[in-house]
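Input: a single structure, listed below in structure tokens.
The numbers here are math on the coordinates, done by the rules we state, and not lab data. What you are looking at is a predicted structure, and each value in this text was computed from that prediction instead of being measured. Note that each Cβ is placed from the backbone with ideal geometry, even for glycine, and that neighbours are counted across all protein chains shown.
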Amino acid sequence: MQKNFTQLENFGHSLRAPAYLIKPANNGEIYSAFQLAKKTGLTVTARGAGRSYNDAALSGGGIVLDMRGMNAITNWDKSTGLITAQSGATLEQVWQKVEPDGWWPPVVSGTMKTTLGGCLSANIHGKNNFKMGTIGEHVVEFSAILPTGAEITCTPKKNADLFHAMISGLGMLGIFTSITMQMKRIHSGLLTVDAFPVQNLHGQLSSLLDGAPNHDYIVGWMDCIAGGKSLGRGQIHAARYLHEGEDPNPRETMQIENQILPPRIFGVFPKSMLHYFMSPFMNNFGTWGINTAKYVASLRRHTFRQPHAAFHFLLDYVPDWEFSYGRGGLIQYQSFIPTETAESAWAEMLKLSQKYGLPAYLGVTKRHRPDKFLLTHAVDGFSLAMDFKVTNNNRAKLHGMLQEFDRIVLQAGGRFYFAKNSETTSETVKRFYGEETIAKFKKLKKRTDPNGLLESDLYRRLFG
Amino acid sequence: MSDSPRPAQATPLNPRRRGIIIGASDGIGAALAHKLAKEGYTLALLSRRKDKLDALCAEVNSFANETRALAYIHDVTNYDEVPALLTRVVADLGGLDLVVYMAGVNFPPGLTSYSFEDDRKMIEVNLIGAMAWLTPAAEMFQSAKTGQIVGISSVAGDRGRIGNPGYNTSKAALSTYLEALRNRLTRHGVNVLTVKPGFVKTDMLKAAQGATPFAITPEKAADDIYKAMLRRKQLVYTAPLWRWIMLIIQHIPSVIFRRMSF
């Protein structure tokens, strides 16, 4: 076992937790890991691509299953758009499989590197959450192995309680093994994108609200450094699918090579080097300069066509960009707040971060709708994701600020998302999920995992 | 494990370094536990002596106002118990960055008498206990490509002397063992620090015979060790003066050394 001891990290390189890493190849090997855990008194957690910003796929001193060994796409029906894959398959594998046949995953994250198992555990959303909901709403069926060794199959009708709890369940009820999802029909490899500036927070949120009904996707970039009258300014990108016939050559635009992000800028400069050049700008002054330039450039309202992959997978545009945040890494703080209270809450948070001298270096806004999964993060409103640089000198101050953020979000009736937030405490969790939801979740856990073998650092932090 | 509540979960804004001190109940071990806890470490403290260990844990935790130390009762000569206990401790700590092997006994036989029983006990605690703990720890650190091992050897291992053949041997062997681990592990990103204390004002010193010059407090020794850990040094003498004293002693020709009475 000592030979499996491996240092694991969160996506932001801001948290490390060594664990015994096992890479199962089949269900039998997952069950063996559970038996090993029982024998040694350890806990088990499944890890996909490790793209969570927090401790969702970490378990210091425990057993971690690297699910990427089980990543086969086992069935693809291009007439119905149903795809079945093992849980370690990535969204990258999925879209590259389905797009040439005229389909696209209905919900994707900002990176294509995430695994399906991870996506379901966090119940991810995309820039179309207001329209398509979370990824869980497109799951037709999944199979999972429980710590007891039982293998179960869930659909929205069969084992419905587990279906709605395991999706969003942070991997704490069982381990997904096979997932069947419905893809969405597309008529072109391109999207039509409208890009336009917004002058302030009010403009930002009302543009999301008004723009959503007329588009398939909508997302806002926020300059979190601008203050005063420009507080919350930024740029909106709203996109829609092309109708049948709009693209004269859909076969061509849906080819993978016309989707893939080029590895070089202007055909010469390798993007894998880019993060070294971003690093010097990752401070308040540098980001102020970049944000200002970006905002000025965004003042030209324009409409253009863009491949799906380029529009969705912004986080993959600069490989390893997260290293540009330096040795301390980064964290993300994402809050989901109802339409009525969002503006005042975020105005307060933005001002607070500027007062602290700890503005977010990237802010992203989206429009959301509620869903019926047990540990849901969604609200009828908006979300704001903020990236913060972590340094040895700012940890205590940043921690203090985020505790104040939590208070503001709770007061505004908001929620949090556990692919992201790393500092939320169990008290805060109790307040926004409610005791009843937590009791329901724990009761289900008792049923699927009577010996409490499934635990991650995230679970211990939120529910421990 | 002690009755203390579980230590706080590490987060990016509240990162934890985790260490094990084997042989922590008093002397340099207790002083180092205080020092490391103050520097933000979460610690597993191991010792045979339950009352002393519990008191130390309570002291460390009340000073930090949170759980920074967990107590485990363990006799280092129970070698078979080590792998499972190590696994347990690492899970309780939520990871592992540091292992300090501090356990040591000293039974000076006097200038003329011999005791195999005492010599064997010293080898078992000072050397084999260290190997029992550091073997699995080294394997884990090598695999994880990170970590730090600190072994408390002694200036007594630098020369075989008239007064204490068994102790000299146990510490000389420990120094060599640590050197070998260092040569294995440095290439895997793991630091191995050998500490050679001179005289330190502990219970062990009371047993020593003859003069005890340049004796320092355990707190001073702990400070020296922590500084050397931060700099990821290979070897530290505490007090530093001992480096020069031992340099001279190591070079005394045998023809003279065997006629000396120290």
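Some points to look at:
- If you take all other residues with their beta carbon under 12 Å from the beta carbon of residue A:29, and give Lys and Arg +1 and Asp and Glu -1, the sum is 0.
- Short-range pairs are left out: with C-alpha atoms under 8 Å and at least six residues apart, the relative contact order of the stretch A:126-218 is 31 percent.
- Vicinal HN-Hα couplings computed from phi for the stretch B:39-44 (Karplus, 6.51 cos²θ - 1.76 cosθ + 1.60; Hz; Gly/Pro x): 7, x, 6, 9, 10, 9
- Inter-centroid distance (Cα atoms) of the stretch B:152-170 relative to the stretch A:130-194, Å: 66 Å
- Values of log10 I(q)/I(0), in the order q = 0.25, 0.26, 0.28 Å⁻¹, for the stretch B:169-238 under a Debye, Cα-only, solvent-free model: -1.12, -1.16, -1.21
- Selected from B:203, B:119, B:75 as most flexible by GNM, with chain B as the system and alpha-carbon contacts under 10 Å: B:203
- Share, in percent, of DSSP beta bridges within the stretch B:17-257 that are antiparallel, nearest 5: 0 percent
- When Rg and the Kirkwood radius Rh are both evaluated on Cα atoms of the stretch A:190-427, their ratio Rg/Rh stands at 0.97.
- By the beta-carbon count within 10 Å of each Cβ, the least crowded to most crowded order of B:259, A:51, B:161, fewest first, is B:259, B:161, A:51.
- P(r) tail for chain B: Cα pairs beyond 23 Å make up 50% of the total.
- Based on the convex hull around the alpha carbon atoms, the protein assembly as shown presents an average projected area of 34.6 nm².
- Amide H contacts of residue A:191 (H built 1.01 Å from N, under 5 Å, at least 5 apart or other chain): A:306, A:308
- Segment residue A:140-residue A:78, extension gain: residue separation times 0.36 nm, minus the distance between their alpha carbons: 20.8 nm
- Rg ratio for the stretch B:9-153: its Cα radius of gyration over 2.2 N^0.38 Å, N being its residue count, equals 1.09.
- Point-to-point label distance, residue B:251-residue A:427, nm (Cα→Cβ direction, 7 Å offset): 6.3 nm
- Remark: the stretch A:86-91, residue by residue, has Karplus-estimated 3J(HN,Hα) of 6, 5, x, 5, 9, 4 Hz, where x stands for each Gly or Pro and the curve is 6.51 cos²θ - 1.76 cosθ + 1.60 at θ = phi - 60°.
- For A:424, A:253, order by how many other beta-carbon atoms lie within 10 Å, fewest first: A:253, A:424
- For the protein assembly as shown, the antiparallel share of DSSP beta bridges with both residues in that region comes to about 65%.
- Projecting the Cα atoms of A:105, A:153, A:393 onto the charge dipole of the protein assembly as shown, computed from C-beta unit charges around the Cα centre, puts A:393 farthest toward the positive end.
- Alpha-carbon spread of the stretch A:336-464, three principal axes, descending order, Å: 48, 37, 20
- Couplings 3J(HN,Hα) for the stretch A:6-16, derived from phi with the Karplus relation 6.51 cos²θ - 1.76 cosθ + 1.60 (θ = phi - 60°), are 9, 7, 10, 10, 7, 5, x, 6, 10, 8, 10 Hz, where x marks Gly and Pro.
- Measuring nothing but how far apart in sequence close Cα pairs (under 8 Å, 6+ apart) lie, relative to its length, the stretch A:71-185 scores a relative contact order of 31 percent.
- Relative packing of A:25-35, B:47-57, which averages over residues the other C-beta atoms within 10 Å, highest first: B:47-57, A:25-35
- Normalised by residue number, the volume inside the convex hull of the Cα atoms of the stretch B:106-258 is 116 Å³ per residue.
- Going from the fewest other Cβ atoms within 10 Å to the most, the residues A:356, B:226, A:333 appear in the order A:356, B:226, A:333.
- GluC sites (Glu not before Pro) restricted to DSSP loop in the stretch A:137-228 with at most 10 other C-beta within 10 Å: none
- Peptides ranked, highest mean first, by Cβ atoms within 10 Å: ranges B:244-253, B:24-33: B:24-33, B:244-253
- The value of relative contact order for chain A, using C-alpha pairs under 8 Å at least six residues apart, is 18 percent.
- Per-residue shielding of B:144-151, expressed as the average number of other chain Cβ atoms within 10 Å of the residue Cβ, stands at 3.
- With a cut-off of 10 Å between beta carbons, the residues surrounding residue A:59 carry a summed charge of -1, where Lys and Arg count +1 and Asp and Glu -1.
- Amide H contacts of residue B:95 (H built 1.01 Å from N, under 5 Å, at least 5 apart or other chain): A:61
- Environment charge at residue B:93 (Cβ cut-off 11 Å; Lys +1, Arg +1, Asp -1, Glu -1): +4
- Residue ranges A:8-21, A:448-461 sort as A:8-21, A:448-461 when ordered by packing (mean number of other C-beta atoms within 10 Å per residue, highest first).
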